[in-house]
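The values are calculated or read from the model by the stated rules, or taken from the named source; none is laboratory data. Quick caveat, the model's predicted, so the values are computed rather than measured. All Cβ positions, even for glycine, are placed from backbone atoms using ideal geometry, and neighbour counts span all protein chains on display.
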Amino acid sequence: MLKDYRTENIRNILLAGHGHVGKTTLNESLLTAGGVLKEPGSIDKGTTISDFDEEEIARKVSLRTTISYVEYQDRKLNFLDTPGSPDFIGEIRAALHVVDSVLLVVDSEAGMQIEAEKHARLASEFNVPCAVFVNKMNKENANFEAALESISQKFGKPTVPVWLPLGSGSSFTGIIDLLSMKAFKFEAGSNTPIVSEIPADREAEAKAAHEHLIESAAEGDDSLTEKFLDNQILTSDEIAKGLNEVIIAGRFIPVTCGCGNLPACASALLDFMIFALPHAGQRPATESFTPGAEDHPLTREPKPEAPFSGFVFKTLIDQYAGKSSFFRVLSGTVSADQDVLNVNVNRKERFSHIYAIQGKKTIEVPQAVAGDIIAVAKLDATRTGHTFADPGQPIQYPPLSMAQAVYSIAVNAVKKGDDQKMATALARLCEEDPTLTFHFEPETRQSLLSALGDLQIDITLAKLKKRYNIEIERSVPRVLYKETIQKNSSGHHKHRKQSGGHGQFGEVYLELAPRERGAGYHFEDKTVGGCIPKGYIPGVEKGVKEALQQGAVAKYPVIDVNVKVTDGSYHDVDSSEMSFKIAGRKAFLDAMQKASPILLEPVMQVKIHAHESYMGAITSDLNSRRGRILSMGTGQIEAHIPQAELQAYSKDLKSMTSGTASFEMDCSHFQPISGRVADNVIKQAAILHGESKEED
């Protein structure tokens, strides 16, 4: 049974960093040092608390955020172990909405790698304080000083060591704790460090580093600064207060070090977390507003006595246990058997049970206070990004800020009749992972599954087969080309049909003119004298809109054109809206063929994050993809690249950079294409429309 904890005794810590730096192993050691486990689980054996999903066990890599906790020194520390793959950066972004600090795990040999850099930038973007743990100090080429330098360079802030390593590589034995000025020896099999005096040959170095740490901590409070300048000794509580303040302010990056696979090291790290990292009550009040009125801000302090509110940052759907919603209590206190309001759907929900989370296990608790992270089960209407609130005092929080999908595939169910089943199953998987999207694209007549990378797609399809027994046939998505015109033109069509009884008659004259790129379509009625009765003009526009769906070049949608109806004629008996719809469509096609129609292709604005050593290869590759480089900076390239050249870019970029680079993209604009590129598009369009006719 969990104890009751006050908000100031709760800490929510995000374990982040590049892939394979040891986050999950460190989490196991933290749980062992905190008494949750007798010994750490093994990634190779698939026995860790964090990586419990079948795919995680099989691939030996974290694929989603997993929550666990320890009760240590009358505190509850919630750990959020996150993936290091760029394909799952959405997990980091979601978790940053609810944590109080980030512990960035960095490899002692490699230093700050590309994903660690991105995680550091995200922590800054979300205004979440950051500390660093330099892991694997027992590696042969471990270099603490070089790691410190890379951390400072990539963060753009000074680093302040809190610990110094005792040796490195095979000679690593522990650390010097600069706060207590003691040496901590870490022995395998022990859950606590052996405390001793600092070795004589390290005393001078440790004393200088201690003075630097105390000076940095004193900057957190004016009274401490004054006391330090007067050469007065700061107490342990004063050092903790000052260090806590400067970490929250982000003035420098505190750095610890060690071996994450040793519970004794994790025990010392737990002490540091309690001593220096912010608690849940120090988290600034989350931006919020009156439900349905984003321009009416509200403030709700993260205090237990405030009205209840919570934010759902993660959803997990189990085919046997059903759906679980994970949320942080942002204010107030919530209890089991309590009615709350789901603000987003304006629906009351009863929390029959609430749970603390320990990996895949949940532990029922009677209540939770502001700052805690808990779960509720079987709330069908609740989605990731929803707000819970006191029904009498509702409040709403902004939705999750998520990364945009950059890799898509077209999907069809292999088994005939499974398409609807596939759509339902993919919708559920997208509910679990908001960075996944699934939709039908009517312009290309394809069902598209989009993600942040090919690994995320592969994992999703594997889940689809294992959970729902649905096999998928995948293909490359068709590009959404467009058409437009380059000059003014006019068109005419007289629709006349006699079939006995009432016939059909409608005559339309149109004028077309190109509009600025992005201006869209505009329709004008410039007829005079009743040549076309006003009641038939909507029919003309319907015909024009139909024609816009399939242009004159390759039957792609037409954009950025002004259409003006100038003249026409009608018959008292035989005219109808349908007649003018047909006449309008054919008059538009007549005019478009005379207006120098061209094909347009979508161009994406792409931002690539990569190590400097790969920049030459990346820029050369972009040039081969008809890309135009907009800017280059440290570890980053921005470029405009045609969408057609990016169909396999996620895989190609990983191959080019040994899996270290990543990218983001948004649609920028459409640009004309001609020559061989246009010829190939027209040829493929002819094949596509030929197939669709056979299907029809």
* On the given criteria, is E215 over 25 Å from L270 (Cβ atoms), acidic (D, E), free of Cβ contacts under 8 Å to residues at least 60 places away in the same chain and in contact with a helix residue (DSSP H, G or I) (Cβ under 7 Å, 6 or more places away or on another chain)? -> yes
* Structure fact -> E149: passes all of (1) modelled with pLDDT of 95 or more; (2) within 38 Å of the chain's Cα centre (by Cα); (3) crowded, with 19+ Cβ neighbours inside 10 Å but (3)
* Pair list, Cβ under 7 Å, 6 or more apart: region 146-173 residue at positive phi, other residue crowded, with 20+ Cβ neighbours inside 10 Å and polar (S, T, N, Q) -> G169/N138
* Asked: Does region 546-556 contain at least one residue that is assigned to a loop (DSSP other than H, G, I, E, B), buried (at least 23 other Cβ atoms within 10 Å of the Cβ) and either out of contact with any strand residue (DSSP E or B) (no Cβ under 7 Å at 6 or more places or on another chain) or not assigned by TED's automatic domain parsing to the domain that holds C667 (or both)?
  -> yes
* To do: Could you tell me which numbered condition D51 fails, if it satisfies all but one of (1) without any contact (Cβ under 8 Å) to a residue 40 or more places away in the chain; (2) crowded, with 24+ Cβ neighbours inside 10 Å; (3) more than 27 Å from D458 (Cα to Cα)?
  => (3)
* Might you let me know whether region 218-230 holds any residue that is among the polar types (S, T, N, Q) and not assigned by TED's automatic domain parsing to the domain that holds L178? => yes
* To do: Scan T25, T32 and give me the residue that is at pLDDT 95 or above, more than 28 Å from the chain's Cα centre (by Cα) and either closer than 18 Å to V98 by Cβ or of a type in the set (S, T, Y) (or both).
  => T32
* To do: With the checklist (1) over 30 Å from L31 (Cα atoms); (2) surrounded by 11 or more Cβ atoms within 10 Å (Cβ to Cβ); (3) under 40 Å from the mean Cα position of the chain (by Cα) in hand, flag the one item R202 doesn't pass.
  => (3)
* To do: Scan region 254-263 and give yes if some residue there is touching a residue at least 40 places away in the same chain (Cβ under 8 Å) and closer than 15 Å to P278 by Cβ, otherwise no.
  => yes
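Does A583 satisfy the criteria of being among the small types (G, A, S), crowded, with 20+ Cβ neighbours inside 10 Å, in contact with a helix residue (DSSP H, G or I) (Cβ under 8 Å, 6 or more places away or on another chain) and closer than 18 Å to S490 by Cβ? Step through it out loud before you land on a result.
Details: among the small types (G, A, S): yes; crowded, with 20+ Cβ neighbours inside 10 Å: yes; in contact with a helix residue (DSSP H, G or I) (Cβ under 8 Å, 6 or more places away or on another chain): yes; closer than 18 Å to S490 by Cβ: yes.
The answer is yes for A583.
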* Asked: Does S324 qualify as being farther than 20 Å from P284 by Cα, touching a residue at least 40 places away in the same chain (Cβ under 8 Å) and among the hydroxyl-bearing types (S, T, Y)?
  -> yes
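Of all residues in region 441-486 being of a type in the set (V, I, T) and touching a residue at least 60 places away in the same chain (Cβ under 8 Å), which is surrounded by the fewest Cβ atoms within 10 Å (Cβ to Cβ)?
Of region 441-486, the ones of a type in the set (V, I, T) are 444, 457, 459-460, 470, 472, 476, 479, 484-485.
Restricting the remaining residues to those that are touching a residue at least 60 places away in the same chain (Cβ under 8 Å) gives 459, 472, 476, 479, 484-485.
Numbers: I459: 25, I472: 21, V476: 11, V479: 17, T484: 24, I485: 25.
So, considering only residues that are of a type in the set (V, I, T) and touching a residue at least 60 places away in the same chain (Cβ under 8 Å), the one surrounded by the fewest Cβ atoms within 10 Å (Cβ to Cβ) is V476.
Of all residues in region 286-298, which are in a loop (DSSP other than H, G, I, E, B) and either buried (at least 17 other Cβ atoms within 10 Å of the Cβ) or at pLDDT 90 or above (or both)? Even if it seems obvious, please write down each step before you answer.
Start the filter on region 286-298 by keeping residues that are in a loop (DSSP other than H, G, I, E, B), which leaves 286-287, 291-292.
Passing the criteria: T286, E287, P291.
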* Which is of a type in the set (S, T, Y), in a strand (DSSP E or B) and buried (at least 20 other Cβ atoms within 10 Å of the Cβ), of S68, S62? -> S68
* To do: State all residues of region 487-512 that are under 30 Å from E577 (Cβ atoms) and surrounded by fewer than 17 Cβ atoms within 10 Å (Cβ to Cβ); if no residue qualifies, say none.
  => N488, S490, H492, K494, R496, K497, Q498, S499, G500, G501, H502, G503
* Asked: Can you name the residue in region 501-532 that is more than 54 Å from the chain's Cα centre (by Cα) and in contact (Cβ under 8 Å) with a residue 40 or more places away in the chain and, of all such residues, is farthest from S668 (Cα to Cα)?
  -> H502
* Taking interchain pairs and intrachain pairs at least six residues apart, which have beta carbon atoms under 8 angstrom, with the first residue in region 228-241 and surrounded by 11 or more Cβ atoms within 10 Å (Cβ to Cβ) and the second among the aromatic types (F, W, Y) and assigned to a helix (DSSP H, G or I)? -> L234/F228; A240/F275
* Restricting attention to region 172-183, does a residue exist that is within 30 Å of H611 (Cα to Cα), touching a Phe, Trp or Tyr at 6+ places or on another chain (Cβ under 8 Å) and at pLDDT 95 or above? -> no
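Yes or no, residue by residue, for (1) of a type in the set (V, I, T); (2) over 21 Å from K23 (Cα atoms):
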{"residue": "G250", "(1), (2)": "no, yes"}
{"residue": "I253", "(1), (2)": "yes, no"}
{"residue": "C257", "(1), (2)": "no, no"}
{"residue": "F272", "(1), (2)": "no, no"}
{"residue": "A280", "(1), (2)": "no, yes"}
{"residue": "T286", "(1), (2)": "yes, yes"}
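Looking for something small (G, A, S), in contact (Cβ under 8 Å) with a residue 24 or more places away in the chain and touching a helix residue (DSSP H, G or I) at 6+ places or on another chain (Cβ under 7 Å) - is there at least one such residue anywhere in region 587-600?
Keep residues of region 587-600 that are small (G, A, S), which gives 587, 591, 595-596.
So of that shortlist, the ones also in contact (Cβ under 8 Å) with a residue 24 or more places away in the chain come out as 587, 591, 595-596.
Next, from what is left, pick out any that are touching a helix residue (DSSP H, G or I) at 6+ places or on another chain (Cβ under 7 Å): none.
There is no residue in region 587-600 that is small (G, A, S), in contact (Cβ under 8 Å) with a residue 24 or more places away in the chain and touching a helix residue (DSSP H, G or I) at 6+ places or on another chain (Cβ under 7 Å).
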* Which numbered condition trips up M632, out of (1) under 21 Å from the mean Cα position of the chain (by Cα); (2) surrounded by fewer than 18 Cβ atoms within 10 Å (Cβ to Cβ)? -> (1)
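Taking the condition within 25 Å of the chain's Cα centre (by Cα) and farther than 20 Å from V99 by Cα, does K378 pass? I'd like the intermediate steps shown before the answer.
On the way: within 25 Å of the chain's Cα centre (by Cα): yes; farther than 20 Å from V99 by Cα: yes.
Considered against the rule, which asks whether it is within 25 Å of the chain's Cα centre (by Cα) and farther than 20 Å from V99 by Cα, K378 comes out as yes.
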